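The values are calculated or read from the model by the stated rules, or taken from the named source; none is laboratory data. Everything quoted here is computed from the prediction, not taken from an experiment. When we count neighbours, we look across all protein chains shown, and the Cβ atoms used for this are built from the backbone with ideal geometry, even at glycine.
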Amino acid sequence: MTAIEVAGVSQTYPGVRALTDVSLALSPGEVVGLVGHNGAGKSTLTRILAGVERPAEGRLLVAGEEQSFHGPQDAIEAGISVVPQALGIVPTLTVRENIVLGVPLQRRLGGRSRKSAIGRDELDARVSTVAEQLGIAGELRRDGRDCSPSVQRLVMIARALLRRPSVMLLDEPTAALHPEEAERMFGAVEALRAEGMALVFISHRLDEVLRISSRVVVLRQGRVVAETEPSALTKSSLAELVAGRELHDAPAAAAGGGAAHARETILRCEGLAVAPSVQDVTLDVARGEVVGIAGLDGTGCGTVLRAIAGLARPAAGSILLNGVAIKPTRGAAVEAGVAFLPDDRVHNGIVPDMTVAATVTLGGDREFRLRRWLPVLRIRREAQTVDGLLDTLDLHPRGAARKRVKFLSGGNQQKALMARALNQGADVYLFDQPTEGVDVGARQELHRHILQLAKEGGAVLVSSSEPEELVALCTRVLVMHDGRITRRLTGTQVSETEIVHASLVGAA
Amino acid sequence: MSPKPEGSRPADPTQSSGGVLTEEPPAASAAARQSARPVGSRLLERLIPRPATADGGGVTSLDRSARRRAFVGQIGVPLMGLALIVVFSLIADNFLTGSNIKDIFSQAALPLIVATGLTICLSMGEFDLSLNGVAGLATVLMAVLVARKGMSPLLAIPLVLALGVGIGAVNGVLVGYFGVAALIVTIAVNSILQGWEFVVSGSVQIFGGFPPGLVSFARGSVLGIPTLVLIAAAVAWLAWVLLERTTLGRHLRAIGGNAEAARIAGVNTARVKLAGFIITALLASLAGLLFAARETNAYPLNGLDVLLPSFAACFIGAAMFKIGEFNIPGTIVGVMIAQITANGLILLNVATYASYFFQGIILLIALLFARVVVTGGRST
């Protein structure tokens, strides 16, 4: 009998069909590897199983009986636990304290306890069982901060295990773990499986999925496109399933043809290494060119951009702008003409209470000063200039310069940050996730403006987790894997499937 | 408060799928509001204009209840100030007299100079708890230099101000360049400075021997306005220009609003913090030396007690004018409320200890209003 089963589940968000007719059954004692690229529907499926969302169509069966979850609590009561990717461990508490964090205890002095409360003896017994199972019995007294990353992950699993679930969903349990650390995680997963738990192992690391799973389920564009034994797959064939249509050998003709017209290299990085993960990155970007940089989360694409922008100090290698090395500070990089549009606009981009004009001129308001030596600003002239810049970026409605930037839409905030780059008169434009959280219309506009920047002689480097975006923008795409550039795609090689495949597989 | 910018995040799908019983669509409810609206909310509309979203229409960032809270908070502090004036003028018949009003302003001058400096420090998201130490040491040093050593005030004043700059630089370097928490740095520096007051003064009270020119300057008036009030007004005006109209002010506020975004934009955050701490300490030392000149005596740990009133004034001020941001006009109102309270209680012959008691309560109420405006009443 299955522990949990979804049958014919579909889910729609406004404008997006996230899942289409997905069926998946989990039996006790098996590990199902769930793979798929960003946006394939893994998270949606996870949220449905965790009771966070209800599917628009389809049925949910727990132990053979149809049920509907009205919230996460229902899923927990049905024995389903989700261990999220983010670490929720408190560094100053011991491992044991971290495991029992939030468990309702029975009151000692007779007061009314919650229904789900556990007695102290019972809790002790459960903690030691769980710690045995996961192989962390020896570390219960250690402080959270002294634990290796794998133990920290295991603590999160242990916390979930205290509720005695029958189904566990592990979201990227080995992300950012070293091979030997991951090994420990596999041991724990195997032990849980042997005791009859049903596990879902969600991961981008294909070789791990192939190794640990008893069944592999591939999602693509919201559909199950494959469900097979791992023995029937190779890493490469699995990557093809994830990426979509079969890959042919890279068309060699398109590559290397270059040098037809004079390339004026503006930005060049040689053997760049940045802690913690980026190694030996060499790249160049020429005038008028849009180069993409792709890779899974945490491979270091953003770190490369931040290093070039002067925000992360390189451990080795050099960054040359028009052949001249720049000092690794943000101030020096701005002076040298490196514009950087950060990812996560809310945390890194805007100061919410500032006016749009101040946002645009922040870090480059020299031309608006009353005198060179007197940094009092002529705000009327500033507002006029900024409105002019915003006009060239088609920011509507016009005359937004004096509004506070927090009242702009996400797309317009991004345009304001772009106007800052224009105002600084940069040679090099670095875009980190340029259309993150922006609606479709604004996204197309931003793309148009990025291409325009290149046409006007800028050298543009774009990092994006969406292959589609890179295909729309770039003539070349560098694919990173584990902190290194492992593929360089040019010409017709620049396609979504190639980018996805290369970022999953690494060096071919 | 901090309304989320519209569309800054991908729409949370969990809300759309679960929300079967959502409220009426925003467009419809907005129309309904237009028709049946109480008189009070029209005033609210004028005081807190509905922010127009840049996409033209759409959902506004401040919903109705947040706007009502903002309204209550925003008029709360001025109303309280007005209530204080009415109550004091009713029960103390010498409250609303020309000389008493002049008195209130005179008494407010030095606290305002310190609070102005603190506003600059707070607007960059930092603290300065060494204000009492800086002002106290400036008072004692000024007294020693002019009254005991007979130094000319024209020499002593720059010297004392230079000391203020030095102290601010220590705070600023430790916080800005070494990244030590301002809370603990400035407490430690305060302790050092208060110890120093005893060293400088030799632990004895200094009185008499002040140059008459200095004293008559500090106690005098120009065109009927006390000189100290004029100085405080000039300081406040300069600080307003600094914060609202200069590059440094922009950078200070950018760091206070989002330090990481400021750094990414190319702001040298360490240097700006250094500048901010220097200005704060400079103004505290200015207030301290003027205090010595006006009082013509100085004793360690018996100088201006400005720490709590300055913080209170700044936080009350953050609830007015530019809501949620520390700003100079707001700070001025905050200082005046504290001074009116103190003055009124003295006129009522309230014992000093009881006066502390009432001042504390009135400050807490004002701060509560301020908090409601800034956070929308959420406790976290």
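A:GLY410 meets the conditions (1) under 25 Å from the mean Cα position of the chain (by Cα); (2) more than 7 Å from chain B (Cβ to nearest Cβ) in every case but one. The failed one is (2).
Cβ-Cβ distances below 8 Å connect the following pairs, each with a first residue in the range A:186-198 that is in the same structural domain as A:ARG164 (by TED's automatic domain parsing) and assigned to a strand (DSSP E or B), a second residue that is surrounded by 21 or more Cβ atoms within 10 Å (Cβ to Cβ) and not polar (S, T, N, Q), and a separation of six or more residues or different chains: A:ALA198/A:ALA3; A:ALA198/A:ILE4; A:ALA198/A:LEU26; A:ALA198/A:VAL32; A:ALA198/A:VAL167; A:ALA198/A:MET168. Within the set B:LEU145, B:LEU161, B:LEU214, B:LEU174, the sole residue that is surrounded by 13 or more Cβ atoms within 10 Å (Cβ to Cβ) and under 30 Å from B:ARG263 (Cα atoms) turns out to be B:LEU174. Have a look at A:ALA56, A:ALA63 and point out the one that is closer than 20 Å to A:VAL167 by Cα and assigned by TED's automatic domain parsing to the domain that holds A:ARG126. From the options A:ALA56, A:ALA63, the qualifying one is A:ALA63. Listed by position, the helices (runs of 4 or more DSSP H) inside the range B:240-355 whose residues that are under 30 Å from B:VAL199 (Cβ atoms) number at least 2 are B:269-295, B:307-317.
Can you say whether A:THR12 is more than 15 Å from A:GLU227 (Cβ to Cβ), within 14 Å of chain B (Cβ to nearest Cβ) and within 16 Å of the chain's Cα centre (by Cα), as far as the supplied structure shows? Spelling it out, it is not the case that A:THR12 is more than 15 Å from A:GLU227 (Cβ to Cβ), within 14 Å of chain B (Cβ to nearest Cβ) and within 16 Å of the chain's Cα centre (by Cα). Can you pull out the residues in the range A:142-164 that are in a loop (DSSP other than H, G, I, E, B) and either buried (at least 21 other Cβ atoms within 10 Å of the Cβ) or basic (Lys, Arg) (or both)? Listed by number, the residues that qualify are A:ARG142, A:ARG163, A:ARG164. Picking from residues in the range A:327-346 that are in a helix (DSSP H, G or I) and either buried (at least 22 other Cβ atoms within 10 Å of the Cβ) or at pLDDT 85 or above (or both), the one that is farthest from the other protein chains (Cβ to nearest Cβ) is A:ALA336. For the range A:434-464, filtering for residues that are part of a loop (DSSP other than H, G, I, E, B), more than 18 Å from A:LEU395 (Cβ to Cβ) and either modelled with pLDDT of 90 or more or touching a Leu at 6+ places or on another chain (Cβ under 8 Å) (or both) leaves 1. Being more than 20 Å from the chain's Cα centre (by Cα) and free of Cβ contacts under 8 Å to residues at least 60 places away in the same chain is the filter here, so list the residues in the range A:268-310 that pass it. Scanning the range A:268-310 gives A:ARG268, A:CYS269, A:GLU270, A:GLY271, A:LEU272, A:ALA273, A:ASP284, A:GLY310. No other residue among A:GLY349, A:GLY300, A:GLY295 is in contact with a helix residue (DSSP H, G or I) (Cβ under 8 Å, 6 or more places away or on another chain) and either among the basic types (Lys, Arg) or under 20 Å from A:HIS481 (Cβ atoms) (or both) apart from A:GLY295. Somewhere in the range A:310-326, is a residue facing chain B (nearest Cβ under 9 Å), at positive phi and either part of a loop (DSSP other than H, G, I, E, B) or exposed (fewer than 15 other Cβ atoms within 10 Å of the Cβ) (or both)? Within the range A:310-326, one or more residues are facing chain B (nearest Cβ under 9 Å), at positive phi and either part of a loop (DSSP other than H, G, I, E, B) or exposed (fewer than 15 other Cβ atoms within 10 Å of the Cβ) (or both). Can you go through A:LEU34, A:LEU45, A:LEU19 and tell me which one is in a strand (DSSP E or B) and under 19 Å from A:GLY79 (Cβ atoms)? After ruling out the rest, the residue left standing is A:LEU34. Scan the range A:391-407 for residues that are touching a residue at least 12 places away in the same chain (Cβ under 8 Å), part of a helix (DSSP H, G or I) and facing another protein chain (nearest Cβ under 10 Å) and the total you get is 2. Beta carbons closer than 8 Å, at least 6 apart along the sequence or on distinct chains, pair a first residue in the range A:32-59 that is under 19 Å from A:LEU206 (Cβ atoms) with a second that is assigned to a loop (DSSP other than H, G, I, E, B) and acidic (Asp, Glu) for A:ASN38/A:GLU466; A:GLY39/A:GLU466.
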